[in-house]
Structure formats: C-alpha cells, structure tokens
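The values are calculated or read from the model by the stated rules, or taken from the named source; none is laboratory data. Not measured: the values here are computed from a predicted model. Reconstructed Cβ throughout: ideal geometry from the backbone, glycine too, with neighbour counts over all protein chains shown. Please note that ligands, DNA and RNA were not included when accessible areas were found on the heavy atoms of the full protein model with its side chains. Shrake-Rupley method; radii C 1.70, N 1.55, O 1.52, S 1.80 Å.
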Amino acid sequence: MPRCNHRPVRLYLTTGLVSDCKEADGLLAELPSETEEIIGDRGHDSNRIRIFLSNRNIIACIPLKRNRNSNQDH
C-alpha cells in the first residue's frame, strides 16, 4: 500500500502457498483513514476485498482473475 510518495505503508511477506486474499485482512484492517486507492495483483481479486474497499470509498486497482465472469473496472 503506497502513500502519495509511492512508498509502501505496510508489507506482508508470506510463503508461496498462502492465499493473498486471506492475508489481505491484516493489511486492510490497518489502512490509514486517508487511503484513496489500493493497488494489488490478481491474487487480491475477491468480492470480499472489493466490497470492503468500496464501502470505504477506496479505489481498487486490482486486475480481475482470469476466471471471473465480470467486467469490473480495475
């Protein structure tokens, strides 16, 4: 999660076998109130994450998973 100067606010490293969506809960819980946009990879494309960000008026700049049947903007 970069701040306006594009430096990460938080960074969680996990093994390659841990789901990004599950680990995102810790990052999302610690978001600064002034967060306007989140940049993630396809591993962060979940309805739960998108709904959480939408409820806080945060733009989700996350590409859609290849198997998603939606045309959401990212």
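For this structure, a couple of remarks:
- All positions within the stretch 27-46 that are within 11 Å of the chain's Cα centre (by Cα) and either open to solvent by 50 Å² or more (accessible area, probe 1.4 Å) or not polar (S, T, N, Q) (or both): LEU27, LEU28, LEU31, GLU37, ILE38, ILE39, GLY40, ASP41, ARG42, GLY43, HIS44, ASP45
- Of SER46, SER70, SER54, SER33, all but one fail to be at pLDDT below 75 and of a type in the set (Ser, Thr, Tyr); the exception is SER70.
- Listed by first and then second residue, the pairs with beta-carbon distance under 6 Å, at least 6 apart or on different chains, first residue in the stretch 37-66 and over 14 Å from LEU27 (Cα atoms) and free of Cβ contacts under 8 Å to residues at least 24 places away in the same chain, second part of a strand (DSSP E or B) and open to solvent by 30 Å² or more (accessible area, probe 1.4 Å), are ILE59/GLU37.
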